[in-house]
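One structure is given below, encoded as structure tokens.
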Amino acid sequence: MSRRQGWFEGWRLLVVFTLSLIALSLWIASMRQFEVEGVRMVIRFTARSSLLLFCLAFSAAALARLWPNGWTRWQRRNRRYLGLSFAASHAIHAVAIVAFASMDPAGFAEATSAASFIFGGIGYGFIIAMSATSFDRTAALIGPRAWRALHLAGGYYLWFQFMVSFGKRVPAMPLYAAFLVPLLVVMALRLIAMAARPRGQTVAAG
């Protein structure tokens, strides 16, 4: 890890992102006196911050391969911490969802479905498993093959879930199509990097 990068490297990067997300979420909720609408605003905010952080982590290896420069090397070097920052964002998202459910059960029931519980639960299962194996010791315990399989499957599943979650809102709110653009770009980058890799090599998960 380069010491010149200061707060924007490694665990310090994770702490900065996590504390910033918590502070912003509290500020957003306070705009509506911590009532239901404020909580729902936090849900929307953290869905979008999670999307951004996921795309940064999921595109890191592909970008570093295709366009090696200072930014992409930083992104690749901090991919683990960007992924953990995504997990922190989605943990805040989960807390806001639970608060919404407890404060407005009828509104929560109207806004959710059995499918959202099932597929969302699978997504959170992947996030927990991927976060737990983002440390050298736990990664070594499961071995490189299992680690790669988990992070590849989890990454592609979460990408698909983001596509569905934002895409289903497009018919009612066309501006939501803008959130699909980074997801499509990230997938295109990964496919291009896979096609460009030397025979016998693979693009790293994440």
Inset, instruction - Check S89 against each of (1) closer than 25 Å to E35 by Cα; (2) at pLDDT 95 or above; (3) open to solvent by 20 Å² or more (accessible area, probe 1.4 Å); (4) among the polar types (S, T, N, Q) and name the one condition it does not meet. - result: (3)
Inset, instruction - From V170, V164, grab the single residue that is β-branched (V, I, T), over 15 Å from F58 (Cβ atoms), open to solvent by less than 50 Å² (accessible area, probe 1.4 Å) and modelled with pLDDT of 95 or more. - result: V170
Legend entry - Elements of type helices (runs of 4 or more DSSP H) contained in segment 102-149, each with 2 or more residues being modelled with pLDDT of 95 or more and closer than 30 Å to V36 by Cα: 105-111, 114-132
Legend entry - Test for A193: is it farther than 30 Å from R40 by Cβ and either in contact with a helix residue (DSSP H, G or I) (Cβ under 6 Å, 6 or more places away or on another chain) or part of a helix (DSSP H, G or I) (or both): yes
Inset, instruction - Within segment 127-145, track down each residue that is open to solvent by 40 Å² or more (accessible area, probe 1.4 Å), under 18 Å from Y81 (Cβ atoms) and of a type outside the set (G, A, S). - result: I128, F135, D136, R137, T138
Inset, instruction - Taking only segment 163-185 into account, find how many residues are over 14 Å from R44 (Cβ atoms) and in contact with a Leu (Cβ under 9 Å, 6 or more places away or on another chain). - result: 5
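The values are calculated or read from the model by the stated rules, or taken from the named source; none is laboratory data. Treat the numbers as computed from the prediction; the structure is a model and nothing was measured. Backbone-built Cβ (ideal geometry, glycine too); neighbour counts: all protein chains shown. Surface accessibility is based on the protein's heavy atoms, side chains included, excluding ligands, DNA and RNA. Shrake-Rupley method; radii C 1.70, N 1.55, O 1.52, S 1.80 Å.
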